[in-house]
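The structure appears right after this line, and notes come after that.
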Amino acid sequence: MGVDEPMGDGPVDRFEIAARPQPVVPPPAAPVLQLSADDDQSARVAEAERLAGSAMTLDALAAAQEAFDGIELKKGARNFCFADGNPKARVLILGEAPGDEEDRQGRPFVGRAGQLLDRMFDAIGLSRQSVDAEKALYITNVLTWRPPGNRDPQPDEIAMSLPFVRRHIELAAPDLIVLMGNIACDAAIGRRGILRLRGNWATAFGRPALPMTHPAYLLRNPPAKREAWADLLSLSARLEGSS
Ligand code: URA
């Protein structure tokens, strides 16, 4: 029959074994207080919302945002970069994130792109130095800490910064917002594609907002300054129309 090796001494009733009650193996104990990456991220955003919501002035908001440890970028940055210009300005510019020079000085848009930004807005009579709210600019960024190597801000970094940006804009209460480049558009209106968005008025944080190409892009693509000029004229006309 081909059987040359017995496996046991007696016959085995496999039907009887299958019918026996099986031991109940308890599931492994749930780890105590172990947060998933998503829970951790939600907790940080909730903390950012709590801190931002309890700030009643721009100074209090700056202090709360600077103290917030939820964002890892803080560890690698040299300076906190909150805002520059006149907080009473009718126009608020929302940029992306500090670069090297901004990180050094703790002020947004002070490098080469910032110098071009100043010249662009000077051309329509607006400046961050103006004490007159009608002619002033107030400038801030989506991120207040420099991303290493000037890489793009990551979605989790934007999500953690957004409660502060929202409150920042509520407290500054500008009439109009300029969204400088893709990151600002992503954070404020949930859209990218600045070459299609630019020049088309949108609503961000409950206010009229104009997407524009970032001055760093204009430095690399000087012919695009023609469209940027058209956008500046649109901004100027809107200011005059609603003053
Ligand atoms: N680019 C930005 O978007 N913001 C800055 O502050 C500097 C460069």
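The values are calculated or read from the model by the stated rules, or taken from the named source; none is laboratory data. Remember, it's a predicted structure, so these values are computed and weren't measured experimentally. Heads up, the Cβs are rebuilt from the backbone with ideal geometry, glycines too, and the neighbour counts pull from every protein chain shown. Heavy atoms of the whole protein, side chains included, go into the accessibility calculation; ligands, DNA and RNA do not. Shrake-Rupley method; radii C 1.70, N 1.55, O 1.52, S 1.80 Å.
At 7 Å along Cα-to-Cβ for each site, give me the label-to-label distance between ASP175 and ALA202 in nm.
2.3
Hey, what's the chain come to in accessible area per residue, 1.4 Å probe, Å²?
Heavy-atom accessible area per residue stands at 56 Å².
Run through the range 188-229 and list the chymotrypsin sites (Phe, Trp or Tyr not before Pro) located in a DSSP loop whose Cβ has at most 15 other Cβ atoms within 10 Å.
TRP201
How high is the relative contact order of the range 150-243? Use alpha-carbon pairs under 8 Å, at least six apart in sequence, and give a whole percent.
Contact order relative to length: 23 percent.
Share of antiparallel DSSP beta bridges in the range 38-241, in percent to the nearest 5?
Bridges in the range 38-241 are about 30 percent antiparallel.
Stretch ALA159-ALA37 to full length: gain in nm at 0.36 nm per residue minus the Cα-Cα span?
Once the chain is fully extended between ALA159 and ALA37, it gains 42.5 nm.
Tally up the carbon and sulfur contribution to the accessible surface of the chain as a whole percent, 1.4 Å probe, everything protein left in place.
It is 54 percent, rounded to a whole number.
Taking the Cα-to-Cβ direction at LYS74 and at ALA230 and moving 7 Å from each Cα, how far apart do the two end points lie in nm?
4.4
Grab every C-alpha pair in the range 38-241, bin the distances at 10 angstrom width from 0 up to the longest one, and report whole percents.
All Cα pairs considered, the percentages come to 9, 38, 39, 13, 1.
I'd like the orientation of helix 225-241 relative to the chain: the angle between its Cα long axis and the longest Cα principal axis, in ° from 0 to 90, rounded to 10.
Approximately 70 degrees, to the nearest 10.
Probe radius 1.4 Å, ligands and nucleic acids left out: which of ARG44, ARG196, ARG90 has the largest accessible area, and how do the rest follow?
These residues rank, largest area first, as ARG196, ARG44, ARG90.
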